[in-house]
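Taking it in order: structure first as structure tokens, then the write-up.
The values are calculated or read from the model by the stated rules, or taken from the named source; none is laboratory data. As the structure is a prediction and not an experimental result, all values here were calculated from the model. Heads up, the Cβs are rebuilt from the backbone with ideal geometry, glycines too, and the neighbour counts pull from every protein chain shown. SASA here: full protein model, heavy atoms, side chains in, ligands and nucleic acids out. Shrake-Rupley method; radii C 1.70, N 1.55, O 1.52, S 1.80 Å.
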Amino acid sequence: MASPATDWKEIIAADEAERHAGYASDFAEIQRAKSAKYGKGRALHRKQQLGLKGSFEVLRSLPPHAQHGLFAKPGSYEAWVRLSNGGLDRLPDRKPDVRGFALKVKGLNGPGALGAPTDAQDFLLINQAAFAFAGPDEFVGLVKHMAKGPGAMFAYLFSRYGVFGALGLMKRFARKFNAPFTGFATENFHSAAPIACGPYAAKLRLLAASDDPRPGASDDWAGDFMRRVAQGPLQFDLQLQFFIDEKRTPIEDASAEWPEDVSPFVTVGRLSLPPQDHSSTTG
């Protein structure tokens with residue numbers, strides 16, 4: 001089996017800073033429009049389901065290539081979790097959507113991704129192993145036009161990708177978007193795109209705490225989760241999957257799943273969420 005490699009490369013285009021500033025402006029405009037309709041909130045993942053407090057344990061005896069940053073040594077940390085529906089609108093839970101599982105690990109002391117000191121590590125995960133799009137330009141373009149309505153979205157897709165390209169993309173997007181969801185406690189969540197782990201690159205996966213989905217829970221995912229927590233602590237294992245080579249584990253193609261037989265997952269930590277009152281401001 002191939003070993004994790006450090007020769008991965010991030011391709012930074014000459015206009016990347018300008019394009020990313022444009023993305024930020026696009027999302028700010030979407031957020032203003034949606035906040036005027038629904039009240040103050042995010043652009044994406046507007047429907048916040050739950051905010052919960054727990055603990056995160058970095059496990060012992062990790063392989064050397066995993067021992068970087070948060071995972072450099074065993075330890076226990078305060079953790080905060082935010083569960084959300086991914087869409088632009090506050091829709092009923094029964095509607096198809098991408099779901100988000102955000103994890104903040106507190107109590108650290110070191111440089112953040114952009115160099116500034118930080119006391120926390122954030123992981124943003126979705127219930128999809130890969131995105132429907134290879135890069136951010138396609139994703140942002142779709143979201144911008146989705147915010148304007150179905151007509152604008154279809155016009156954009158056909159003008160950009162042509163008839164057959166648009167149909168293929170819509171089919172792929174629908175397959176991911178409409179995948180059945182069983183609950184925040186019973187689904188695996190993924191980073192979809194890789195992050196740096198010391199000199200290595202890795203994707204993340206949070207394993208489901210339970211394999212027991214409950215019929216009829218789809219009308220209230222927050223209630224389903226809290227009923228499970230009330231019965232005892234929920235535990236989720238966090239795993240890393242490492243870059244091997246560009247052909248089999250591409251860095252820049254967010255639509256590609258990395259095969260487990262090429263790069264198996266390594267369990268590096270455990271998130272525990274105890275019974276709690278999610279409506280309390282103190283946790």
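Data for the structure
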read-out: The chain, accessible area per residue, ligands and nucleic acids excluded (1.4 Å, Å²); value: 52 Å²
read-out: Pairwise Cα inverse-distance average, inverted: Kirkwood Rh of segment 164-240 (Å); value: 14.9 Å
read-out: Portion, in percent, of the accessible area of segment 202-283 that falls on carbon or sulfur, probe 1.4 Å; value: 47 percent
read-out: C-alpha center-to-center spacing [segment 200-222, segment 58-114] in angstrom; value: 14 Å
read-out: Net +/- balance of residues flanking Asn127 in space, Cβ distance below 9 Å, scoring K and R +1, D and E -1; value: 0
read-out: Highest-first arrangement of 163-171, 230-238, 138-146, where packing means the average Cβ count within 10 Å; value: 138-146, 230-238, 163-171
read-out: Reachable lysines from Lys9, criterion Cα separation under 24 angstrom, eight or more residues apart if same chain; value: Lys203, Lys247
read-out: For Ala185, net neighbour charge (Lys/Arg +1, Asp/Glu -1) across residues whose Cβ lies under 11 Å away; value: -1
read-out: Residue among His45, Pro74, Gly151 farthest towards the positive dipole end of the chain, charges placed on Cβ; value: Gly151
read-out: Sulfur and carbon atoms: percent of accessible area, segment 69-163 [1.4 Å]; value: 60 percent
read-out: Spatially proximal aspartates and glutamates relative to Lys34 (Cα-Cα < 15 Å; intrachain offsets below 8 disregarded); value: Asp26, Asp89
read-out: Total charge dipole magnitude, segment 58-210, about the Cα centre, Cβ charges on Lys, Arg, Asp, Glu only, Debye to nearest 20; value: 300 debye
read-out: Anisotropy class of segment 1-55 from Cα gyration tensor, a/c 1.5 cut; value: oblate
read-out: Reachable lysines, given that their alpha-carbon falls under 19 Å from the alpha-carbon of Lys106 and they are not under 8 places away in the same chain; value: Lys53, Lys73
read-out: All Cα pairs of the chain, percent lying beyond 29 Å; value: 38 percent
read-out: Cα shape, segment 210-283, gyration tensor, a/c 1.5 rule; value: prolate
read-out: Cα shape, segment 151-283, gyration tensor, a/c 1.5 rule; value: oblate
read-out: Equivalent-ellipsoid semi-axes of segment 1-146, from the Cα gyration tensor, Å, largest first; value: 30, 22, 16
read-out: Dipole moment magnitude, nearest 20 debye, the chain about Cα centre, only Lys, Arg, Asp, Glu C-beta charged; value: 880 debye
